[in-house]
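Working notes for the structure below.
The values are calculated or read from the model by the stated rules, or taken from the named source; none is laboratory data. This structure is a prediction, so every number in the text was calculated from the model and none was measured. Positions of Cβ are generated from backbone atoms using ideal geometry, with glycine treated the same way; all protein chains shown enter the neighbour counts.
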Amino acid sequence: MFCLWAILLSLFHCSARRVHFWVAVPWAKGILRVCGIRVDVSGKENVDPDVPRVYMVNHQSYFDVFVVLACLPLDFKFLLKEELMRIPLLGPAMKRAGYIGIERDDPRKAIKSMNLAAQRIKGGASVLIFPEGTRSLDGNLGSFKKGGFNLALKSGCDIVPVTISGTARIVPKGSLKIEKGNVGFFISRPIPLAGYSRRNVAQLMDEVRASMLASKEK
């Protein structure tokens, strides 16, 4: 349904923003409701829809996508693995919403995608990325990739850590079975990039990790 509505709206020249809010967000909320998933959201005061930022979210389950769409109150552009953009109907629908695919096995294409994301940020859009690059096997926070952090440094915008808890239990990696239950969604304070550069990007990564770990303990 999401795919068909997204493509239909595009035929009427609806903007990516409208596809996001009119199709993707209601679609995600509907899936959570049907599956019996309740999300406890904290930290909405840390979101400013008028300020472009890089939102970094830990990744436990494919259900994280629905949780983020339903609970993050702004128009943002997903950075997703390119394989998802090749899925019939779903891929074109995500492109209509302005989401960006990353070819992880091709450095040149990955850089091109990051440059596109930087252009979107300069145009006033926020970008969302899973810094682990893949879903966690055990629900614990995995190691981070540098790409999203270099994107933030290149764009000069703050990073907002977002922590999801509970989706690993609801839909474990490798499983299609969905368990009803509660999910936590915590939006942390933005992390300014003043004093950071590519030379000390590891320290920036550590600060984002520390913020996520602190949120998981709340």
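Being over 21 Å from Leu32 (Cβ atoms) and basic (Lys, Arg) narrows it down to one residue among Arg199, Arg169; which is it? Full working, then the answer.
Details: Arg169 fails: over 21 Å from Leu32 (Cβ atoms).
Only one candidate passes the filter, namely Arg199.
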Next on the checklist: Restricting to region 148-174, name every residue that is more than 20 Å from Phe63 (Cα to Cα) and either part of a loop (DSSP other than H, G, I, E, B) or aromatic (Phe, Trp, Tyr) (or both).
Outcome noted: Phe149, Gly156, Cys157, Asp158
Checklist entry - Here are some residues: Val68, Val51. Which one is in a helix (DSSP H, G or I), out of contact with any helix residue (DSSP H, G or I) (no Cβ under 7 Å at 6 or more places or on another chain) and not polar (S, T, N, Q)? => result Val68
Checklist outcome for this item: Of the residues in region 148-172 that are under 14 Å from the mean Cα position of the chain (by Cα) and of a type outside the set (A, V, I, L, M, F, W, C), the one that is modelled with the lowest pLDDT is Gly148
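Considering region 166-218 alone, what residues qualify as being of a type in the set (Ser, Thr, Tyr) and either touching a residue at least 60 places away in the same chain (Cβ under 8 Å) or exposed (fewer than 13 other Cβ atoms within 10 Å of the Cβ) (or both)? Even if it seems obvious, please write down each step before you answer.
Initial filter on region 166-218 (of a type in the set (Ser, Thr, Tyr)): 167, 175, 188, 196-197, 211, 215.
Passing the criteria: Thr167, Ser175, Ser188, Ser197.
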Checklist entry - Only one of Lys77, Lys95 is crowded, with 17+ Cβ neighbours inside 10 Å, assigned to a helix (DSSP H, G or I) and touching a helix residue (DSSP H, G or I) at 6+ places or on another chain (Cβ under 9 Å); which? => result Lys95
Item to check | Enumeration of residues in region 175-207 that are in contact with a Lys or Arg (Cβ under 9 Å, 6 or more places away or on another chain) and either of a type in the set (Val, Ile, Thr) or assigned to a loop (DSSP other than H, G, I, E, B) (or both) | outcome: Glu179, Lys180, Val183, Ile187, Pro190, Val201
Item to check | Conditions (1) in a helix (DSSP H, G or I); (2) over 16 Å from the mean Cα position of the chain (by Cα); (3) modelled with pLDDT of 85 or more; number of the one not met by Trp5 | outcome: (3)
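Would you call Leu128 modelled with pLDDT of 90 or more and part of a loop (DSSP other than H, G, I, E, B)?
In short, no.
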Next on the checklist: Being charged (D, E, K, R), farther than 22 Å from Lys145 by Cβ and within 16 Å of the chain's Cα centre (by Cα) is the filter here; which residues of region 62-111 pass it?
Outcome noted: Asp75, Lys95
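Across region 173-189, which residue is farthest from Asp206 (Cα to Cα) among those that are small (Gly, Ala, Ser) and modelled with pLDDT of 95 or more?
Gly184
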